[in-house]
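First the structure, in the form of structure tokens, and then the observations on it.
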Amino acid sequence: MSQIQVMLTSIEEVKNFVSLTNKYAFPIQMTTEKYKIDAKSIMGIFSLDLSKPIDLNIHANTESEVESILTVLAPYIV
């Protein structure tokens with residue numbers, strides 16, 4: 001598992017983020033102190049406090065999958 005922090009500041013960014021995460025078969029979760037939600041769920045993401053960075057847990061099977069998704073999600077990583 002890899003963990004990074006992401007920041008989503010607009011509705012458009014959330015829509016793009018969900019579109020990107022849905023391209024991967026492995027689980028991707030966003031976690032806060034209170035919640036753990038599926039990063040592929042637009043409704044779940046909108047239930048979070050988006051005013052601060054959120055932890056993103058990537059449960060990829062290989063290092064190349066991790067590198068691939070980190071490259072794609074680079075605009076959102078803080």
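Criterion applied to F26, F17 was being at pLDDT 95 or above, in contact with a helix residue (DSSP H, G or I) (Cβ under 7 Å, 6 or more places away or on another chain) and assigned to a helix (DSSP H, G or I), and the one residue passing it is F17. Answer yes or no as to whether M7 is at pLDDT 95 or above, touching a Gly at 6+ places or on another chain (Cβ under 8 Å) and at negative phi. No, not satisfied. Any residue in segment 55-78 that is over 25 Å from T9 (Cβ atoms) sitting within a Cβ distance under 6 Å of a residue that is surrounded by 15 or more Cβ atoms within 10 Å (Cβ to Cβ)? List the pairs, counting only those 6 or more apart or interchain. Correct list of pairs: A60/V66. Just one of the listed residues (N57, N22) is under 15 Å from L73 (Cβ atoms), surrounded by 15 or more Cβ atoms within 10 Å (Cβ to Cβ), of a type in the set (S, T, N, Q) and out of contact with any Cys (no Cβ under 6 Å at 6 or more places or on another chain), and it is N57.
The set of residues in segment 8-41 being touching a Pro at 6+ places or on another chain (Cβ under 9 Å) and of a type in the set (S, T, Y) is empty. For segment 1-44, which residues satisfy the criterion of being among the β-branched types (V, I, T) and under 9 Å from the mean Cα position of the chain (by Cα)? If the condition is that a residue be among the β-branched types (V, I, T) and under 9 Å from the mean Cα position of the chain (by Cα), then I4, V6, V18, T21, I28 are the ones that fit.
Every listed requirement among (1) surrounded by fewer than 15 Cβ atoms within 10 Å (Cβ to Cβ); (2) part of a loop (DSSP other than H, G, I, E, B) is met by K40 save one, (1).
The values are calculated or read from the model by the stated rules, or taken from the named source; none is laboratory data. Please read these numbers as outputs of a predicted model, since none were measured by experiment. Reconstructed Cβ throughout: ideal geometry from the backbone, glycine too, with neighbour counts over all protein chains shown.
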